[in-house]
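I have placed the structure first, in the form of structure tokens, so that the comments after it can refer back to it.
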Amino acid sequence: MTNLPFAATTPVSIAGVGLKARDADALASYYRELLGLEELSRNADELVLGAGDQKLLTIEEDTALKPDNPRDAGLFHTAFLFPERADLARWVQRAIQKRLPVDGASDHLVSEAIYLTDPEGNGIEIYSDRPADQWQWVSKEVEMKTLPLDIRNLIETPGGDQPYDKAPAGTVVGHVHLRVGNPAEAERWWNETMGFDTTAHYGAQAVFLSTGGYHHHIGANSWQSAGAGRRDNGRSGLSWVALKGPAEKAGQTLEDPWGTVIKTV
């Protein structure tokens, strides 16, 4: 695939996310309406949504699941990354026209982002990156902040007035942000077990990690989940995070200290 964002070209990147849902069809309909994702495959156990030929989201249904508990370890948000700022501008115009409810909008210096929550309580970020040569690094950490997003400036991006019908080719899951019980422990695990580099801290409550100089492929915070233990697999929410990396490391299934499943493909 051409036109991939920087996040997907690093030695290890996010290959996709699996969600456990109480109603898979309803959840899939939401993501199709929200982002214009397309159904790529379906069987008795799961359905797969994506953009172009890129698989992004796998939804597994279990009607017996309890609702997700935001104070447990699990998913904070799945972050869908557009290849161009104009794509985000086009999506914002769509959101305004459809009156899609959003939770927030932020300028993180390295990126511009919109935040939402799906019908089963899973967090969503929809974003585009600023050019990597504009990111500021200090002592091996990238400068990121949470500032108000200038929506007017965004929608005035050249090409941003074109219709948005479906997620553009080159859309990827740029990063996944996790809820954990202890960010320092999460940082050690991602450093030592997965070989990720630490790229930023938000105090002691959040850490960001990546490979290849991206601002972050993984975030881990304890804003709601401080002290959380292992996940309750009987709840809806995150099923797994898939990482794409070296072929010799494919096919592994690991668990972080909270039982979050990390697969390599």
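Each value in this text was obtained by applying a stated rule to the coordinates, not by laboratory testing. Given the structure is predicted, the values throughout are model-derived calculations rather than measurements. Quick reminder, even Gly has a Cβ in these numbers, built from the backbone with ideal geometry, and neighbours come from all protein chains shown.
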Greater than 19 Å apart at Cα, pairs in Lys140/Lys263; Lys55/Lys166; Lys55/Lys263; Lys55/Lys244; Lys20/Lys263; Lys20/Lys66: Lys140/Lys263
Within-14-Å neighbourhood charge of Pro131 [Cβ basis; K, R +1; D, E -1]: -2
Net charge of neighbours whose Cβ lies under 11 Å from the Cβ of Asp72, counting Lys and Arg as +1 and Asp and Glu as -1: +4
Calculated from backbone phi, Karplus (6.51, -1.76, 1.60) coupling profile of segment 254-265 in Hz, x at Gly/Pro: 10, 10, 6, x, 10, x, 6, 7, 10, 10, 10, 10
The chain - percent relative contact order, Cα under 8 Å, separation 6 or more: 27
Footprinting exposure proxy for Leu100, Leu57 (fewest neighbouring C-beta atoms within 10 Å first): Leu100, Leu57
Test item: Cα-centred dipole of the chain, Lys/Arg +1 and Asp/Glu -1 on Cβ, debye: 180
Environment charge at Tyr164 (Cβ cut-off 9 Å; Lys +1, Arg +1, Asp -1, Glu -1): +1
Percentage relative contact order, segment 117-265, counting C-alpha pairs under 8 Å, at least six apart: 19
In Hz, Karplus ³J(HN,Hα) per residue of segment 159-168 (6.51, -1.76, 1.60; θ = phi - 60°; x = Gly, Pro): x, x, 8, 7, x, 10, 9, 7, 4, x
Antiparallel %, DSSP beta bridges [both residues in the chain], to 5: 75
Among [x] 1.28; [y] 0.95; [z] 1.16, the entry derived from the coordinates for Cα Rg over 2.2 N^0.38 Å: [y]
Amide H contacts under 5 Å for His217, placed H, 5+ residues apart: Leu209, Ser210, Thr211
In segment 1-42, the chymotrypsin sites (Phe, Trp or Tyr not before Pro) that fall in loop regions by DSSP, at most 14 other Cβ within 10 Å: none
D (Stokes-Einstein, µm²/s), Kirkwood Cα radius, segment 1-52, 1.567 mPa s at 4 °C: 102
